[in-house]
Amino acid sequence: MLLENTLVERRSIIRLVEDNFREYFPGNQILPDPEFFPLGEDSWSYRCGPLWISVRRDLDGHFPGAYEMSLLLRESGKDYVLAPLPGRDGRVVHRIADLPVVVFPYLERATATSRLPTPAQLDLLVRRLRDVHAFDPPASRAVEVPTEDFRFPFENDLDKALQAARNGGAAEYGPYGGRLTRLVVRRWDHVTALREEAASVAERCTSRWRGERPALTHGDPSLANVLFDGDGVDIIDWGGAMWAPPERDWAALTRVFGTAPEGRALFLRFYELRWTLAEIAEYASRFTGPHAGDADDDAMWGRLTRYLPPA
């Protein structure tokens, strides 16, 4: 997010660090004031000395086990997995203002502008994702991670937002409300066709995937979540980890980098449709509620029109 969440007080971040991560500040070192970084689409990011604090905005639901799974991956020897740090209380996920918070070691390169990867780096990323797909966590350290069910958790939000926009009820909520109404009316048939295709594809995927061994997938191996550094490729932000067909990650690589290993067309299409409709649901929902037209709204309108262009 580009702007701080006013509900997240910096003194609450300091208290979290003091209570759970004091050992990263030797002696009686005074904890520095957290510095806000306007990065990421699904989190509010802060640096506090050697720590990186991510306050999460996970709209499709939050699953602490996903971050715990990344710690298991790291402990199994997959050092390219950048996992969060457990606190003194043993937890990986904490809470501030009723929002989930995860803490990582601060890496300077993680805040730099990402460059497009080379073919060799993309090949390495694919090999590492295949390695993750085959991961079998120890029974003694079982953690709960969602399993793909080919449903759309945002379906109700999408319905409400589209209907509110179509009926003209969004204009009163902020500067983008009227623009959303005009966009939705113009593209109603297009969105309807996407939703009908998505329902059909999801039904066929459910049938075909029954009995198949699921892969542990990341879900969004994008430029924001993969660090390409020299010959290295490190993967961050495992909050969306899920047991699913491997095409979940291959569809993301195709969307972001235009290339991926061959996958089954049906499953690739499902994840393409799911991503598009989830993005439309998120941003349409924002503009059918009170909004100020600030920098975050401007960025989100741009993302909405990427998936729902005016023409």
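Please treat every number below as a calculation from the coordinates, not as lab data. A quick note: this is a predicted structure, and the numbers were derived from the prediction, not measured. Quick reminder, even Gly has a Cβ in these numbers, built from the backbone with ideal geometry, and neighbours come from all protein chains shown.
Just tell me, in residue order, which DSSP H segments of the chain are both 30 angstrom or longer along the helix axis (alpha-carbon based) and at least -0.5 in mean Kyte-Doolittle hydropathy.
Working: long enough: 188-209 (31 Å, -0.62); 265-287 (33 Å, 0.27).
Correct list, ordered by number: 265-287.
How high is the FRET efficiency between D229 and K160 when r is their beta carbon distance and R₀ equals 35 Å, given to the nearest 0.05? Write down the numbers at each step before the final one.
On the way: r = 43 Å, r/R0 = 1.22.
Once rounded, the FRET efficiency stands at 0.25.
For the chain, set up a GNM with springs between Cα atoms under 10 Å and report which of P119, P153, P64 has the largest fluctuation.
Comparing P119, P153, P64 in a Gaussian network model of the chain, the most mobile one is P119.
Hey, got the dipole for the chain? About the Cα centre, +1 on K and R Cβ, -1 on D and E Cβ, debye to the nearest 20?
Using only the charged Cβ atoms, the result is roughly 480 debye.
With unit charges on the beta carbons (Lys and Arg positive, Asp and Glu negative) and the dipole taken about the Cα centre of the stretch 1-105, which residue among V17, L82, F63 sits farthest to the positive side?
After comparing all options, I get V17.
May I ask you to sort I13, I53 by Cβ crowding, counting other Cβ atoms within 10 Å and putting the fewest first? Show your work: numbers first, answer last.
Numbers: I13 23, I53 27.
Ranked by crowding around the Cβ, least crowded first: I13, I53.
What whole number of Å gives the distance from the Cα centroid of the stretch 266-281 to the Cα centroid of the stretch 134-157?
With the stretch 134-157 and the stretch 266-281 each reduced to a Cα centre, they are spaced 18 Å.
Give me E155, E108 sorted ascending by neighbouring Cβ count inside 10 Å, so fewest comes first. Don't skip to the end; give the middle numbers.
Numbers: E155 15, E108 7.
Starting with the residue having the fewest Cβ neighbours, the order is E108, E155.
Give me the extension gain from R91 to L39: residue separation times 0.36 nm, minus the current Cα-Cα distance, reported in nm with one decimal. Could the numbers behind the result be given before it?
Values: separation 52, 0.36 × 52 = 18.72 nm, distance 2.46 nm.
Full extension from R91 to L39 adds 16.3 nm.
Taking mean projected area of the Cα convex hull in nm² as the quantity of interest, determine which of (1) 15.4; (2) 17.1; (3) 19.3 was computed from the displayed structure.
Comparing each candidate, only (2) matches the computed number.
Please compute the length gained on full extension between E144 and T305, using 0.36 nm multiplied by the number of residues separating them and subtracting their Cα-Cα distance.
Details: separation 161, 0.36 × 161 = 57.96 nm, distance 3.51 nm.
Gain on extension, E144 to T305, equals 54.4 nm.
Order 24-30, 124-130, 187-193 from most to least packed using the mean count of other Cβ atoms within 10 Å.
Details: 24-30: 9.9, 124-130: 18.0, 187-193: 13.3.
Output ranking for 24-30, 124-130, 187-193: 124-130, 187-193, 24-30.
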